[in-house]
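Structure first, commentary second.
The values are calculated or read from the model by the stated rules, or taken from the named source; none is laboratory data. If you're wondering where the values come from, they're calculated on a predicted model, not measured in any experiment. For neighbour counting, all protein chains shown are included, and Cβ atoms are generated from backbone atoms with ideal geometry for every residue, glycine included.
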(Lines give C-alpha, C1' and ligand atoms only; values in the text may rest on other atoms or scores of the structure.)
Protein backbone atom coordinates (compact mmCIF):
# COMPACT_ATOMS: atom_id res chain seq x y z
CA UNK A 1 0.00 0.00 0.00
CA UNK A 2 1.20 3.48 -0.90
CA UNK A 3 0.62 6.18 1.70
CA UNK A 4 1.21 9.85 1.04
CA UNK A 5 0.73 11.78 4.28
CA UNK A 6 0.64 15.59 4.58
CA UNK A 7 3.31 15.84 1.93
CA UNK A 8 4.70 19.28 1.17
CA UNK A 9 7.59 20.12 -1.15
CA UNK A 10 8.97 23.58 -1.86
CA UNK A 11 11.40 24.31 -4.66
CA UNK A 12 12.78 27.67 -3.58
CA UNK A 13 9.71 29.86 -3.29
CA UNK A 14 7.52 27.57 -5.38
CA UNK A 15 5.30 25.14 -3.46
CA UNK A 16 5.03 22.15 -5.80
CA UNK A 17 3.13 19.89 -3.39
CA UNK A 18 0.99 21.37 -0.63
CA UNK A 19 -0.14 19.15 2.24
CA UNK A 20 -1.09 16.26 -0.02
CA UNK A 21 -2.49 13.05 1.50
CA UNK A 22 -3.90 9.99 -0.24
CA UNK A 23 -3.79 6.19 -0.19
CA UNK A 24 -3.32 3.66 -2.94
CA UNK A 25 -4.70 0.27 -1.91
CA UNK A 26 -2.68 -2.83 -2.73
CA UNK A 27 -3.94 -4.48 -5.91
CA UNK A 28 -5.71 -1.41 -7.25
CA UNK A 29 -5.05 0.47 -10.45
CA UNK A 30 -5.15 4.14 -9.57
CA UNK A 31 -5.13 7.06 -11.95
CA UNK A 32 -3.10 9.98 -10.59
CA UNK A 33 -4.64 12.90 -12.42
CA UNK A 34 -4.12 16.60 -12.62
CA UNK A 35 -3.19 19.30 -15.09
CA UNK A 36 0.44 19.80 -16.05
CA UNK A 37 2.30 21.37 -13.16
CA UNK A 38 -0.13 20.05 -10.54
CA UNK A 39 2.67 18.30 -8.63
CA UNK A 40 2.22 14.73 -9.87
CA UNK A 41 5.82 14.17 -10.90
CA UNK A 42 7.17 15.77 -7.73
CA UNK A 43 4.94 13.52 -5.61
CA UNK A 44 6.17 10.43 -7.46
CA UNK A 45 9.78 11.55 -7.11
CA UNK A 46 9.39 12.03 -3.36
CA UNK A 47 7.78 8.59 -3.16
CA UNK A 48 10.86 7.18 -4.93
CA UNK A 49 13.38 8.94 -2.71
CA UNK A 50 14.71 11.10 -5.55
CA UNK A 51 13.45 14.32 -4.00
CA UNK A 52 13.42 14.94 -0.25
CA UNK A 53 10.15 16.35 1.09
CA UNK A 54 9.98 19.69 2.88
CA UNK A 55 7.57 18.04 5.32
CA UNK A 56 5.32 14.99 5.47
CA UNK A 57 6.02 11.46 4.32
CA UNK A 58 5.49 9.18 1.35
CA UNK A 59 5.88 5.47 2.01
CA UNK A 60 5.46 2.13 0.29
CA UNK A 61 4.33 -0.67 2.59
CA UNK A 62 5.23 1.54 5.53
CA UNK A 63 8.79 2.28 4.46
CA UNK A 64 10.54 5.01 2.56
CA UNK A 65 11.92 3.89 -0.82
CA UNK A 66 15.53 4.27 0.31
CA UNK A 67 14.81 1.95 3.26
CA UNK A 68 13.57 -0.90 1.06
CA UNK A 69 16.13 -3.72 1.06
CA UNK A 70 15.74 -4.52 -2.64
CA UNK A 71 13.71 -1.62 -4.00
CA UNK A 72 13.48 -2.73 -7.63
CA UNK A 73 11.97 -6.08 -6.58
CA UNK A 74 9.21 -4.22 -4.73
CA UNK A 75 8.62 -1.10 -6.79
CA UNK A 76 9.07 -0.48 -10.49
CA UNK A 77 9.00 3.05 -11.80
CA UNK A 78 8.92 4.56 -15.27
CA UNK A 79 9.30 8.28 -14.81
CA UNK A 80 10.05 9.79 -18.19
CA UNK A 81 10.58 8.58 -21.70
CA UNK A 82 13.67 10.69 -22.21
CA UNK A 83 16.00 9.36 -19.54
CA UNK A 84 18.27 7.22 -21.66
CA UNK A 85 21.77 7.72 -22.98
CA UNK A 86 21.19 7.97 -26.75
CA UNK A 87 24.47 6.20 -27.50
CA UNK A 88 23.68 3.12 -25.41
CA UNK A 89 21.73 0.14 -26.70
CA UNK A 90 18.43 -0.83 -25.09
CA UNK A 91 19.96 -4.08 -23.89
CA UNK A 92 22.95 -2.34 -22.28
CA UNK A 93 20.65 0.21 -20.64
CA UNK A 94 18.75 -2.63 -18.95
CA UNK A 95 21.95 -4.55 -18.15
CA UNK A 96 23.30 -1.55 -16.26
CA UNK A 97 20.14 -1.48 -14.14
CA UNK A 98 20.19 -5.24 -13.53
CA UNK A 99 23.81 -5.09 -12.36
CA UNK A 100 23.17 -2.07 -10.14
CA UNK A 101 20.14 -3.65 -8.50
CA UNK A 102 21.67 -7.10 -8.17
CA UNK A 103 19.05 -8.83 -10.34
CA UNK A 104 19.48 -11.77 -12.73
CA UNK A 105 20.81 -10.84 -16.19
CA UNK A 106 18.24 -13.17 -17.76
CA UNK A 107 15.59 -10.64 -16.75
CA UNK A 108 16.81 -8.34 -19.53
CA UNK A 109 15.60 -10.58 -22.34
CA UNK A 110 12.41 -11.39 -20.46
CA UNK A 111 11.31 -7.77 -20.05
CA UNK A 112 12.39 -6.87 -23.59
CA UNK A 113 10.02 -9.59 -24.82
CA UNK A 114 7.27 -8.34 -22.50
CA UNK A 115 7.31 -4.88 -24.07
CA UNK A 116 7.91 -6.21 -27.60
CA UNK A 117 11.36 -4.67 -28.02
CA UNK A 118 13.36 -7.87 -28.55
CA UNK A 119 14.16 -7.05 -32.17
CA UNK A 120 15.45 -3.58 -31.30
CA UNK A 121 17.42 -4.67 -28.23
CA UNK A 122 20.84 -4.06 -29.76
CA UNK A 123 20.02 -0.72 -31.38
CA UNK A 124 21.17 2.52 -29.78
CA UNK A 125 18.30 4.28 -27.99
CA UNK A 126 19.04 7.53 -29.84
CA UNK A 127 17.28 6.06 -32.87
CA UNK A 128 14.17 4.99 -30.95
CA UNK A 129 10.73 6.54 -31.47
CA UNK A 130 8.99 8.06 -28.46
CA UNK A 131 6.74 5.01 -28.26
CA UNK A 132 9.74 2.68 -28.15
CA UNK A 133 11.32 4.79 -25.41
CA UNK A 134 8.12 4.60 -23.37
CA UNK A 135 8.17 0.82 -23.77
CA UNK A 136 11.84 0.68 -22.77
CA UNK A 137 11.04 2.75 -19.67
CA UNK A 138 8.30 0.22 -18.83
CA UNK A 139 10.77 -2.61 -19.37
CA UNK A 140 13.09 -1.00 -16.85
CA UNK A 141 10.24 -0.76 -14.34
CA UNK A 142 9.47 -4.46 -14.77
CA UNK A 143 13.05 -5.73 -14.31
CA UNK A 144 12.58 -6.63 -10.65
CA UNK A 145 9.13 -8.16 -11.29
CA UNK A 146 7.71 -5.76 -8.67
CA UNK A 147 4.25 -5.83 -7.06
CA UNK A 148 4.01 -2.04 -7.22
CA UNK A 149 4.36 0.02 -10.39
CA UNK A 150 4.60 3.82 -10.56
CA UNK A 151 4.20 5.16 -14.08
CA UNK A 152 4.50 8.86 -14.83
CA UNK A 153 2.63 9.92 -17.98
CA UNK A 154 3.35 6.64 -19.77
CA UNK A 155 1.02 7.61 -22.61
CA UNK A 156 2.73 10.94 -23.30
CA UNK A 157 3.56 11.29 -26.95
CA UNK A 158 2.15 7.92 -27.93
CA UNK A 159 0.15 7.56 -31.11
CA UNK A 160 -3.35 6.04 -30.84
CA UNK A 161 -1.94 2.60 -31.58
CA UNK A 162 0.59 3.01 -28.79
CA UNK A 163 -2.09 4.16 -26.36
CA UNK A 164 -4.20 1.12 -27.21
CA UNK A 165 -1.16 -1.11 -26.59
CA UNK A 166 -0.50 0.64 -23.28
CA UNK A 167 -4.11 0.16 -22.14
CA UNK A 168 -3.91 -3.54 -22.83
CA UNK A 169 -0.56 -3.74 -21.09
CA UNK A 170 -1.78 -1.97 -17.95
CA UNK A 171 -4.87 -4.20 -17.84
CA UNK A 172 -2.58 -7.21 -18.13
CA UNK A 173 -0.42 -5.97 -15.22
CA UNK A 174 -3.51 -5.27 -13.13
CA UNK A 175 -4.91 -8.73 -13.84
CA UNK A 176 -1.79 -10.14 -12.20
CA UNK A 177 -2.82 -8.38 -8.99
CA UNK A 178 -0.18 -5.68 -9.11
CA UNK A 179 -0.67 -2.25 -7.60
CA UNK A 180 -0.39 0.37 -10.32
CA UNK A 181 -0.29 4.14 -9.88
CA UNK A 182 -0.40 5.78 -13.30
CA UNK A 183 -0.27 9.54 -13.69
CA UNK A 184 -1.75 11.48 -16.56
CA UNK A 185 -2.97 14.92 -17.45
CA UNK A 186 -5.36 13.44 -20.00
CA UNK A 187 -8.23 11.59 -18.38
CA UNK A 188 -9.19 9.64 -21.49
CA UNK A 189 -5.80 7.91 -21.49
CA UNK A 190 -6.46 6.14 -18.22
CA UNK A 191 -10.24 6.21 -17.83
CA UNK A 192 -10.69 2.75 -19.32
CA UNK A 193 -7.94 1.23 -17.22
CA UNK A 194 -8.15 2.58 -13.69
CA UNK A 195 -10.56 1.63 -10.91
CA UNK A 196 -9.67 4.49 -8.59
CA UNK A 197 -8.70 8.09 -9.21
CA UNK A 198 -6.69 10.61 -7.23
CA UNK A 199 -7.11 14.10 -8.68
CA UNK A 200 -4.76 16.89 -7.62
CA UNK A 201 -4.36 20.49 -8.63
CA UNK A 202 -1.72 22.98 -7.57
CA UNK A 203 -0.24 20.46 -5.20
CA UNK A 204 -3.49 19.84 -3.33
CA UNK A 205 -5.86 16.90 -3.30
CA UNK A 206 -9.12 17.61 -5.13
CA UNK A 207 -10.69 14.19 -4.98
CA UNK A 208 -9.78 10.59 -4.24
CA UNK A 209 -12.53 8.12 -5.03
CA UNK A 210 -13.39 4.93 -6.88
CA UNK A 211 -13.96 5.66 -10.54
CA UNK A 212 -17.46 4.15 -10.33
CA UNK A 213 -18.47 6.59 -7.60
CA UNK A 214 -17.59 9.55 -9.78
CA UNK A 215 -19.31 8.29 -12.90
CA UNK A 216 -22.44 6.52 -11.63
CA UNK A 217 -24.43 9.66 -10.78
CA UNK A 218 -24.19 11.16 -14.19
CA UNK A 219 -24.03 8.34 -16.68
CA UNK A 220 -23.57 10.34 -19.81
CA UNK A 221 -26.90 11.60 -21.21
CA UNK A 222 -27.46 12.81 -24.73
CA UNK A 223 -28.75 16.38 -24.99
CA UNK A 224 -31.27 16.96 -27.78
CA UNK A 225 -32.75 20.33 -28.75
CA UNK A 226 -35.77 20.29 -31.01
CA UNK A 227 -38.82 22.52 -31.69
CA UNK A 228 -40.91 19.35 -31.65
CA UNK A 229 -39.97 18.04 -28.20
CA UNK A 230 -43.17 16.22 -27.32
CA UNK A 231 -43.35 14.14 -30.48
CA UNK A 232 -39.65 13.15 -30.30
CA UNK A 233 -39.98 12.35 -26.62
CA UNK A 234 -42.83 9.95 -27.29
CA UNK A 235 -40.90 8.29 -30.09
CA UNK A 236 -37.77 7.89 -27.93
CA UNK A 237 -39.67 6.55 -24.97
CA UNK A 238 -41.29 4.04 -27.29
CA UNK A 239 -37.73 2.77 -27.90
CA UNK A 240 -37.21 2.32 -24.17
CA UNK A 241 -35.11 5.45 -23.57
CA UNK A 242 -35.33 7.50 -20.38
CA UNK A 243 -36.13 11.10 -21.25
CA UNK A 244 -36.10 14.22 -19.12
CA UNK A 245 -37.34 17.47 -20.62
CA UNK A 246 -36.81 21.17 -19.86
CA UNK A 247 -37.37 24.22 -22.09
CA UNK A 248 -37.45 22.25 -25.30
CA UNK A 249 -34.24 20.38 -24.38
CA UNK A 250 -34.39 16.63 -23.88
CA UNK A 251 -31.88 14.69 -21.78
CA UNK A 252 -31.91 11.17 -23.11
CA UNK A 253 -30.38 8.15 -21.45
CA UNK A 254 -30.12 4.65 -22.85
CA UNK A 255 -29.69 5.63 -26.50
CA UNK A 256 -26.68 6.81 -28.47
CA UNK A 257 -26.68 9.98 -30.61
CA UNK A 258 -26.80 7.92 -33.84
CA UNK A 259 -29.86 6.02 -32.54
CA UNK A 260 -31.60 9.26 -31.66
CA UNK A 261 -30.71 10.83 -35.01
CA UNK A 262 -32.16 7.85 -36.89
CA UNK A 263 -35.37 7.96 -34.86
CA UNK A 264 -35.71 11.71 -35.45
CA UNK A 265 -35.21 11.21 -39.20
CA UNK A 266 -37.83 8.47 -39.30
CA UNK A 267 -40.27 10.64 -37.36
CA UNK A 268 -39.33 13.66 -39.54
CA UNK A 269 -38.56 15.71 -36.40
CA UNK A 270 -36.26 18.70 -36.86
CA UNK A 271 -33.10 18.62 -34.66
CA UNK A 272 -31.18 21.72 -33.62
CA UNK A 273 -28.71 20.05 -31.32
CA UNK A 274 -27.61 16.49 -30.65
CA UNK A 275 -24.77 16.29 -28.16
CA UNK A 276 -23.22 13.52 -26.08
CA UNK A 277 -22.85 15.08 -22.63
CA UNK A 278 -19.68 14.53 -20.70
CA UNK A 279 -19.54 12.31 -17.69
CA UNK A 280 -19.09 13.70 -14.21
CA UNK A 281 -15.45 12.67 -14.08
CA UNK A 282 -14.59 14.65 -17.15
CA UNK A 283 -16.51 17.62 -15.79
CA UNK A 284 -14.63 17.45 -12.52
CA UNK A 285 -11.40 17.19 -14.41
CA UNK A 286 -12.22 19.91 -16.92
CA UNK A 287 -13.35 22.34 -14.24
CA UNK A 288 -9.96 21.87 -12.61
CA UNK A 289 -8.13 22.48 -15.82
CA UNK A 290 -10.31 25.53 -16.50
CA UNK A 291 -9.77 27.08 -13.10
CA UNK A 292 -6.10 26.40 -13.57
CA UNK A 293 -6.14 28.22 -16.90
CA UNK A 294 -8.04 31.24 -15.56
CA UNK A 295 -5.58 31.81 -12.74
CA UNK A 296 -2.78 34.34 -13.33
CA UNK B 1 29.17 -3.52 -4.50
CA UNK B 2 30.64 -5.77 -7.20
CA UNK B 3 27.42 -5.40 -9.16
CA UNK B 4 27.53 -1.64 -8.83
CA UNK B 5 31.12 -1.53 -10.01
CA UNK B 6 30.28 -3.76 -12.99
CA UNK B 7 27.34 -1.48 -13.75
CA UNK B 8 29.56 1.62 -13.72
CA UNK B 9 32.17 -0.06 -15.90
CA UNK B 10 29.43 -1.12 -18.34
CA UNK B 11 28.14 2.48 -18.43
CA UNK B 12 31.55 3.60 -19.67
CA UNK B 13 32.09 0.67 -22.04
CA UNK B 14 28.62 0.73 -23.59
CA UNK B 15 28.98 4.07 -25.36
CA UNK B 16 31.70 5.07 -27.79
CA UNK B 17 32.86 8.13 -25.90
CA UNK B 18 35.80 6.49 -24.11
CA UNK B 19 37.31 5.30 -27.40
CA UNK B 20 37.35 8.84 -28.74
CA UNK B 21 38.95 10.15 -25.56
CA UNK B 22 41.56 7.38 -25.53
CA UNK B 23 42.50 8.14 -29.14
CA UNK B 24 42.71 11.84 -28.26
CA UNK B 25 44.93 11.09 -25.27
CA UNK B 26 47.26 8.94 -27.37
CA UNK B 27 47.49 11.58 -30.10
CA UNK B 28 48.51 14.12 -27.42
CA UNK B 29 51.12 11.72 -26.04
CA UNK B 30 52.54 11.02 -29.52
CA UNK B 31 52.76 14.71 -30.43
CA UNK B 32 54.42 15.53 -27.11
CA UNK B 33 57.04 12.76 -27.35
CA UNK B 34 57.88 13.39 -31.00
CA UNK B 35 57.90 17.18 -30.69
CA UNK B 36 60.11 17.21 -27.57
CA UNK B 37 62.65 14.92 -29.23
CA UNK B 38 62.67 16.78 -32.55
CA UNK B 39 63.08 20.28 -31.06
CA UNK B 40 65.60 19.25 -28.41
CA UNK B 41 68.82 21.23 -28.55
CA UNK B 42 67.41 23.73 -31.08
CA UNK B 43 66.84 27.42 -30.38
CA UNK B 44 67.13 27.24 -26.64
CA UNK B 45 65.14 24.04 -26.16
CA UNK B 46 66.86 21.81 -23.61
CA UNK B 47 69.45 19.51 -25.10
CA UNK B 48 69.10 15.74 -25.14
CA UNK B 49 72.57 15.51 -23.63
CA UNK B 50 71.00 16.09 -20.22
CA UNK B 51 69.36 13.20 -18.47
CA UNK B 52 66.64 15.53 -17.17
CA UNK B 53 65.50 16.23 -20.74
CA UNK B 54 65.27 12.53 -21.49
CA UNK B 55 63.31 12.04 -18.30
CA UNK B 56 60.88 14.80 -19.35
CA UNK B 57 60.32 12.99 -22.63
CA UNK B 58 59.37 9.82 -20.77
CA UNK B 59 57.02 11.86 -18.58
CA UNK B 60 55.04 12.64 -21.74
CA UNK B 61 53.22 9.41 -20.91
CA UNK B 62 51.01 11.50 -18.61
CA UNK B 63 50.03 14.04 -21.28
CA UNK B 64 46.70 12.32 -21.81
CA UNK B 65 45.61 13.17 -18.30
CA UNK B 66 43.31 15.95 -19.53
CA UNK B 67 41.36 13.37 -21.54
CA UNK B 68 40.97 11.25 -18.41
CA UNK B 69 39.74 14.38 -16.62
CA UNK B 70 37.14 14.85 -19.36
CA UNK B 71 36.20 11.15 -19.15
CA UNK B 72 35.47 11.61 -15.45
CA UNK B 73 33.50 14.80 -16.04
CA UNK B 74 31.42 13.09 -18.73
CA UNK B 75 30.88 10.05 -16.54
CA UNK B 76 29.02 12.20 -14.04
CA UNK B 77 27.48 14.98 -16.15
CA UNK B 78 26.09 12.57 -18.76
CA UNK B 79 23.93 11.05 -16.04
CA UNK B 80 22.38 14.45 -15.39
CA UNK B 81 22.25 15.51 -19.02
CA UNK B 82 20.30 12.44 -20.09
CA UNK B 83 18.65 12.01 -16.68
CA UNK B 84 19.88 8.43 -16.40
CA UNK B 85 20.73 9.46 -12.83
CA UNK B 86 17.03 8.83 -12.06
CA UNK B 87 17.25 5.16 -13.03
CA UNK B 88 20.66 4.90 -11.35
CA UNK B 89 19.32 6.03 -7.98
CA UNK B 90 16.13 3.97 -8.33
CA UNK B 91 18.27 0.86 -8.78
CA UNK B 92 20.53 1.87 -5.88
CA UNK B 93 19.07 4.47 -3.50
CA UNK B 94 22.29 4.41 -1.46
CA UNK B 95 23.91 7.22 -3.36
CA UNK B 96 27.26 7.09 -1.60
CA UNK B 97 27.82 3.57 -2.90
CA UNK B 98 26.94 4.64 -6.45
CA UNK B 99 29.50 7.45 -6.26
CA UNK B 100 32.14 5.13 -4.80
CA UNK B 101 31.61 2.65 -7.64
CA UNK B 102 31.71 5.44 -10.20
CA UNK B 103 35.00 6.78 -8.78
CA UNK B 104 36.61 3.33 -8.82
CA UNK B 105 35.36 2.58 -12.36
CA UNK B 106 36.74 5.84 -13.68
CA UNK B 107 40.03 5.34 -11.88
CA UNK B 108 40.25 1.94 -13.58
CA UNK B 109 39.68 3.50 -16.99
CA UNK B 110 42.24 6.15 -16.04
CA UNK B 111 44.73 3.34 -15.45
CA UNK B 112 43.91 1.98 -18.92
CA UNK B 113 44.52 5.45 -20.42
CA UNK B 114 47.75 5.79 -18.45
CA UNK B 115 49.12 2.35 -19.39
CA UNK B 116 48.25 2.95 -23.05
CA UNK B 117 50.04 6.31 -22.88
CA UNK B 118 53.06 4.72 -21.22
CA UNK B 119 53.23 1.96 -23.85
CA UNK B 120 52.96 4.45 -26.69
CA UNK B 121 55.63 6.65 -25.09
CA UNK B 122 57.99 3.69 -24.88
CA UNK B 123 57.22 2.62 -28.45
CA UNK B 124 58.10 6.10 -29.75
CA UNK B 125 60.81 7.22 -27.34
CA UNK B 126 63.06 4.14 -27.45
CA UNK B 127 63.79 4.24 -31.22
CA UNK B 128 63.74 8.05 -31.52
CA UNK B 129 66.08 8.60 -28.57
CA UNK B 130 68.45 5.93 -29.91
CA UNK B 131 68.36 7.58 -33.32
CA UNK B 132 69.27 10.92 -31.73
CA UNK B 133 72.02 9.30 -29.70
CA UNK B 134 70.58 10.47 -26.40
CA UNK B 135 72.27 9.26 -23.21
CA UNK B 136 70.67 6.32 -21.42
CA UNK B 137 68.94 7.04 -18.13
CA UNK B 138 68.43 4.38 -15.44
CA UNK B 139 65.57 1.96 -16.13
CA UNK B 140 64.39 2.48 -12.56
CA UNK B 141 63.92 6.20 -13.28
CA UNK B 142 61.97 5.41 -16.44
CA UNK B 143 59.72 2.97 -14.59
CA UNK B 144 59.19 5.48 -11.79
CA UNK B 145 58.23 8.20 -14.26
CA UNK B 146 55.88 5.89 -16.20
CA UNK B 147 54.31 4.58 -12.99
CA UNK B 148 53.73 8.12 -11.77
CA UNK B 149 52.16 8.96 -15.14
CA UNK B 150 49.71 6.04 -14.85
CA UNK B 151 48.74 7.05 -11.30
CA UNK B 152 48.45 10.70 -12.35
CA UNK B 153 46.12 9.93 -15.26
CA UNK B 154 43.95 7.71 -13.04
CA UNK B 155 43.67 10.38 -10.35
CA UNK B 156 42.71 12.94 -13.00
CA UNK B 157 39.74 10.72 -13.94
CA UNK B 158 38.70 10.71 -10.27
CA UNK B 159 39.04 14.50 -10.12
CA UNK B 160 36.81 14.66 -13.21
CA UNK B 161 34.01 12.74 -11.47
CA UNK B 162 34.26 15.24 -8.60
CA UNK B 163 34.13 18.25 -10.92
CA UNK B 164 31.19 16.72 -12.79
CA UNK B 165 29.12 16.17 -9.68
CA UNK B 166 29.71 19.72 -8.55
CA UNK B 167 29.18 21.43 -11.93
CA UNK B 168 26.46 19.22 -13.39
CA UNK B 169 26.14 21.18 -16.63
CA UNK B 170 28.24 19.16 -19.06
CA UNK B 171 29.44 21.98 -21.31
CA UNK B 172 30.14 24.32 -18.38
CA UNK B 173 32.08 21.63 -16.52
CA UNK B 174 34.27 20.73 -19.51
CA UNK B 175 34.92 24.33 -20.53
CA UNK B 176 35.75 25.31 -16.94
CA UNK B 177 38.12 22.35 -16.54
CA UNK B 178 39.92 22.99 -19.84
CA UNK B 179 40.26 26.73 -19.19
CA UNK B 180 41.66 25.91 -15.76
CA UNK B 181 44.14 23.30 -16.97
CA UNK B 182 45.38 24.95 -20.14
CA UNK B 183 45.12 28.62 -19.23
CA UNK B 184 44.78 29.58 -15.58
CA UNK B 185 46.80 26.83 -13.98
CA UNK B 186 49.58 26.67 -16.57
CA UNK B 187 49.99 30.46 -16.40
CA UNK B 188 50.22 30.39 -12.61
CA UNK B 189 52.71 27.50 -12.72
CA UNK B 190 54.86 29.44 -15.20
CA UNK B 191 54.54 32.96 -13.78
CA UNK B 192 54.05 32.26 -10.08
CA UNK B 193 55.79 28.93 -9.48
CA UNK B 194 55.70 29.49 -5.71
CA UNK B 195 51.88 29.30 -5.92
CA UNK B 196 51.69 27.01 -8.91
CA UNK B 197 53.55 24.15 -7.31
CA UNK B 198 50.73 23.76 -4.79
CA UNK B 199 48.01 23.53 -7.45
CA UNK B 200 46.78 20.13 -8.72
CA UNK B 201 48.63 20.52 -12.03
CA UNK B 202 51.84 21.56 -10.26
CA UNK B 203 51.58 18.63 -7.89
CA UNK B 204 50.89 16.24 -10.78
CA UNK B 205 53.88 17.59 -12.71
CA UNK B 206 56.07 17.15 -9.66
CA UNK B 207 54.90 13.56 -9.23
CA UNK B 208 55.49 12.71 -12.91
CA UNK B 209 58.71 14.77 -12.96
CA UNK B 210 57.35 16.34 -16.12
CA UNK B 211 59.74 19.27 -16.17
CA UNK B 212 63.44 19.70 -16.71
CA UNK B 213 63.39 22.49 -14.13
CA UNK B 214 62.46 20.43 -11.12
CA UNK B 215 63.59 23.08 -8.67
CA UNK B 216 60.39 25.08 -9.11
CA UNK B 217 58.21 22.12 -8.11
CA UNK B 218 57.76 19.99 -5.02
CA UNK B 219 59.76 16.80 -4.59
CA UNK B 220 58.17 13.94 -6.59
CA UNK B 221 56.98 12.14 -3.46
CA UNK B 222 55.53 15.32 -1.94
CA UNK B 223 53.86 16.22 -5.23
CA UNK B 224 52.47 12.70 -5.41
CA UNK B 225 51.00 12.87 -1.93
CA UNK B 226 49.53 16.32 -2.58
CA UNK B 227 48.01 15.20 -5.87
CA UNK B 228 46.49 12.10 -4.26
CA UNK B 229 45.06 14.41 -1.59
CA UNK B 230 43.48 16.50 -4.34
CA UNK B 231 42.02 13.29 -5.78
CA UNK B 232 40.52 12.34 -2.42
CA UNK B 233 39.18 15.87 -1.94
CA UNK B 234 37.40 15.79 -5.30
CA UNK B 235 36.09 12.28 -4.56
CA UNK B 236 34.68 13.58 -1.26
CA UNK B 237 33.19 16.54 -3.13
CA UNK B 238 31.42 14.10 -5.44
CA UNK B 239 29.98 12.12 -2.54
CA UNK B 240 28.89 15.14 -0.49
CA UNK B 241 27.29 17.10 -3.33
CA UNK B 242 25.33 14.06 -4.52
CA UNK B 243 24.10 12.77 -1.17
CA UNK B 244 21.11 15.05 -0.50
CA UNK B 245 20.52 16.62 -3.89
CA UNK B 246 16.99 16.59 -5.33
CA UNK B 247 16.91 14.64 -8.58
CA UNK B 248 14.26 16.42 -10.65
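Numbers for the structure displayed
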read-out	value
Check on residue A:83, at the interface with chain B (Cβ under 9 Å from one of its Cβ atoms) and farther than 20 Å from residue A:187 by Cα	yes
Segment A:90-119: number of residues that are over 27 Å from the mean Cα position of the chain (by Cα) and more than 7 Å from chain B (Cβ to nearest Cβ)	8
Selection count where residues are part of a helix (DSSP H, G or I) and crowded, with 18+ Cβ neighbours inside 10 Å, scope segment B:13-27	5
Which listed residue, of B:192, B:217, B:187, is at pLDDT below 95, out of contact with any helix residue (DSSP H, G or I) (no Cβ under 8 Å at 6 or more places or on another chain) and closer than 22 Å to residue B:32 by Cα	B:187
Residue tally, condition at negative phi and over 16 Å from the mean Cα position of the chain (by Cα), over segment A:138-173	9
Boolean, residue B:59 is modelled with pLDDT of 95 or more, crowded, with 22+ Cβ neighbours inside 10 Å and either over 30 Å from residue B:93 (Cα atoms) or within 14 Å of chain A (Cβ to nearest Cβ) (or both)	no
Matching residues, segment A:84-106, being assigned to a loop (DSSP other than H, G, I, E, B) and either outside the structural domain of residue A:170 (by TED's automatic domain parsing) or free of Cβ contacts under 8 Å to residues at least 12 places away in the same chain (or both)	A:104, A:105
Residue in segment A:35-58 that is surrounded by the fewest Cβ atoms within 10 Å (Cβ to Cβ), counting only those that are more than 8 Å from chain B (Cβ to nearest Cβ), at pLDDT 95 or above and touching a helix residue (DSSP H, G or I) at 6+ places or on another chain (Cβ under 8 Å)	A:53
Given (1) surrounded by 13 or more Cβ atoms within 10 Å (Cβ to Cβ); (2) touching a residue at least 24 places away in the same chain (Cβ under 8 Å); (3) more than 20 Å from residue B:71 (Cα to Cα), number of the condition residue B:245 does not satisfy	(2)
Failed condition for residue B:59, given (1) more than 16 Å from the chain's Cα centre (by Cα); (2) assigned to a helix (DSSP H, G or I); (3) within 21 Å of residue B:113 (Cβ to Cβ)	(1)
All positions within segment B:62-120 that are closer than 18 Å to residue B:177 by Cβ, within 11 Å of chain A (Cβ to nearest Cβ) and either under 11 Å from the mean Cα position of the chain (by Cα) or surrounded by fewer than 24 Cβ atoms within 10 Å (Cβ to Cβ) (or both)	B:74, B:78, B:80, B:81
Wholly enclosed helices (runs of 4 or more DSSP H) of segment B:170-242 bearing at least 1 residues touching a residue at least 40 places away in the same chain (Cβ under 8 Å)	B:170-179, B:200-208
Sole residue being modelled with pLDDT of 90 or more, surrounded by 14 or more Cβ atoms within 10 Å (Cβ to Cβ), farther than 30 Å from residue A:38 by Cα and outside the structural domain of residue A:191 (by TED's automatic domain parsing), chosen from A:265, A:271	A:271
Residue in segment A:75-83 that is at negative phi, in the same structural domain as residue A:182 (by TED's automatic domain parsing), in contact with a strand residue (DSSP E or B) (Cβ under 6 Å, 6 or more places away or on another chain) and assigned to a loop (DSSP other than H, G, I, E, B) present	yes
